[in-house]
1. Given a Förster distance of 45 Å, report the FRET efficiency between residue 653 and residue 240 from their Cβ-Cβ distance, rounded to the nearest 0.05.
2. What is the Rg over Rh value, at two decimals, for segment 208-325, using alpha-carbon atoms and the Kirkwood definition of Rh?
3. Full extension from residue 353 to residue 601: what is 0.36 nm times the residue separation minus their Cα-Cα distance, to one decimal in nm?
4. Provide the FRET efficiency to the nearest 0.05 for the residue 479-residue 702 pair, computing r from the beta carbons and using R0 = 30 Å.
5. Beyond 29 Å, what percent of the Cα pairs of segment 572-724 remain?
6. Which FRET efficiency value, to the nearest 0.05, is calculated for residue 92 and residue 135 with the Förster distance at 22 angstrom and r the Cβ-Cβ distance?
7. For 321, 29, what ranking results if the residue with the fewest other Cβ atoms within 10 Å of its Cβ goes first?
8. Using Cβ contacts closer than 10 Å as the measure, can you line up 593, 387, 121 from fewest to most?
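All of the numbers you see were taken from the coordinates with simple rules; none came from a lab. This structure is a prediction, so every number in the text was calculated from the model and none was measured. Using ideal geometry, Cβ is built from the backbone for each residue, glycine included, and neighbour counts are taken over all protein chains shown.
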């Protein structure tokens with residue numbers, strides 16, 4: 001058979017090609033929709049994470065305010081309980097004159113401190129004296145034996161309790177401290193009542209809900225008034241009985257559940273809350289922060305609708321991209337068929353171009369809306385320093401509209417008049433091509449006159465051709481952050497000053513003895529000088545007067561050291577000699593060292609470098625450590641009472657060690673040594689070592705302790721040395 005010739009392949013028919021095209025387009029659309037959906041979910045999660053971070057930053061400010069409100073008056077009951085008039089009222093409860101003197105003293109202390117009420121309670125819970133003794137709602141004669149803060153203080157513990165007042169019906173924070181006699185026994189209770197009204201009023205201006213719950217989950221502070229005294233969890237019968245007995249929230253018999261529907265997310269630290277506020281359904285992202293030292297839980301919420309908006313924006317952007325890609329594909333198909341359908345293709349192309357232009361206009365409007373929604377101010381300047389762009393956040397930050405700022409050259413109207421030189425220096429650095437990479441702090445003046453503290457980050461502005469065309473700056477408002485830092489520094493200074501006063505109180509008797517010796521010597525030498533003057537003995541007269549001057553200088557030096565230690569404001573950071581720091585601390589404690597029949601050994605090499613820090617604060621740390629060492633050796637034989645101070649340079653840092661030969665620190669309480677209000681001394685504040693560690697850490701150092709070989713404890717103070 002002759003060989004057969006193979007037949008050429010048959011090209012696919014037009015319907016089959018059309019079918020394949022439709023399938024390909026359908027698959028591409030399905031993939032695009034899937035990607036758009038995933039992008040929307042990613043944007044929603046990203047916005048939720050951003051909201052959670054924003055809530056946590058806001059929560060730090062609220063927590064600081066709560067701790068400031070709770071700790072501002074914590075010292076007041078203790079200091080008031082030390083006054084002789086208060087002790088006299090407890091010793092003579094039937095003496096009306098003694099109680100009236102206590103009333104007047106407590107009223108004056110309360111007025112100067114600015115607290116709501118301050119009052120004295122005997123061991124049976126009956127109020128003996130109060131700051132409001134002369135008012136119709138006086139606490140005098142009222143019984144508070146059922147209140148937990150009284151029960152805690154009567155048992156020897158500091159009390160902290162928030163509730164509605166039994167007498168006034170006004171809520172507040174009650175802080176109590178036991179009053180102890182000379183034998184250390186509890187003789188009564190001093191309580192201060194602090195109102196949190198200012199905090200509650202500040203919260204009412206918050207856009208989103210903020211609330212505070214107690215250990216039982218009951219809302220007692222809230223920016224939403226209708227949520228007050230409602231519970232976030234079911235309450236047991238025992239808890240209800242306890243609150244009725246304590247009258248924590250007055251005579252309320254029940255606490256309804258808050259009108260929430262909670263949805264927990266994968267992240268355990270946040271959850272969704274659905275509720276109605278003002279008759280309108282709302283959805284919030286909520287984050288809780290426990291305050292274990294106060295027994296409260298702070299909850300801050302943010303509007304969760306922004307998450308849905310972010311998802312919709314992602315969908316819109318995805319759809320826009322898909323439309324652009326679709327237009328490109330259609331354009332390619334039209335181009336392939338332009339010879340066959342040139343006239344129709346041109347008409348369709350023009351139509352598509354108009355649609356695309358419209359969509360791009362919408363995209364531009366959408367981008368501008370996104371820029372205006374930023375909380376960070378944006379400002380662009382050209383190479384001549386002329387402002388060419390500002391966003392809405394920057395306009396709100398300065399108080400000037402975009403029309404007033406665009407085209408302006410320096411000096412700009414929002415420059416602070418007191419910082420014009422600094423503004424020009426920063427401007428010149430930018431124009432020279434050397435802007436601060438890490439950003440710089442700048443003070444602006446709002447159009448209405450108030451100051452705005454900002455952090456400015458500047459980077460080069462590069463155009464589409466890769467040329468340097470100007471500068472873009474991001475401006476962040478840090479005014480509230482600076483105010484919070486200032487309040488924290490002021491609180492630390494007050495606490496350090498209170499500890500110095502407490503340390504001085506412990507040394508009062510020995511300091512009196514120290515001053516008594518030179519004063520007695522002054523009297524004796526003055527008498528001798530008078531006698532020698534009457535006898536005409538010139539040589540002995542001059543000698544007596546010289547000795548009188550020496551003793552007067554000695555007394556002045558003791559007083560100078562006391563005044564230098566007590567003063568609240570210090571000279572600030574300086575180069576300090578380790579030997580001088582230790583020597584001044586030992587000089588202040590010489591009387592106590594002799595009284596306790598102890599000895600001190602100072603071993604500081606003369607060639608040690610100086611340390612950088614606040615001299616008064618570092619002396620306060622050494623004084624506290626030395627005083628603790630002397631008290632720790634009270635039970636050991638006098639010949640073994642030796643406190644040693646050594647200093648050495650180790651790994652480029654200064655190590656100052658204070659060692660005693662006492663019984664050491666029990667391992668069971670070692671973890672609590674630096675905790676606030678923890679003390680093993682009768683009548684101690686429990687703040688000394690905590691303040692010491694705060695001071696040392698502020699100097700970028702460390703404070704730690706270890707057991708001393710052979711018995712005792714060694715505290716080590718590690719500090720930075722001064723730069724050569």
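1. Working: r = 57 Å, r/R0 = 1.27.
Calculated value: 0.20.
2. Details: Rg = 18.9 Å, Rh = 16.5 Å.
Rounded to two decimals, Rg/Rh equals 1.15.
3. Details: separation 248, 0.36 × 248 = 89.28 nm, distance 9.17 nm.
Stretched fully, the residue 353-residue 601 segment lengthens by 80.1 nm.
4. Details: r = 33 Å, r/R0 = 1.11.
Plugging the Cβ-Cβ distance into 1/(1 + (r/R0)^6) gives 0.35.
5. Values: 1520 of 11628 pairs.
For segment 572-724, the fraction of Cα-Cα distances above 29 Å is 13 percent.
6. On the way: r = 24 Å, r/R0 = 1.10.
The pair residue 92/residue 135 has a calculated efficiency of 0.35.
7. Details: 321 15, 29 12.
Ordered by Cβ neighbours within 10 Å, fewest first: 29, 321.
8. Values: 593 17, 387 20, 121 28.
Neighbour counts put them in this order, fewest first: 593, 387, 121.
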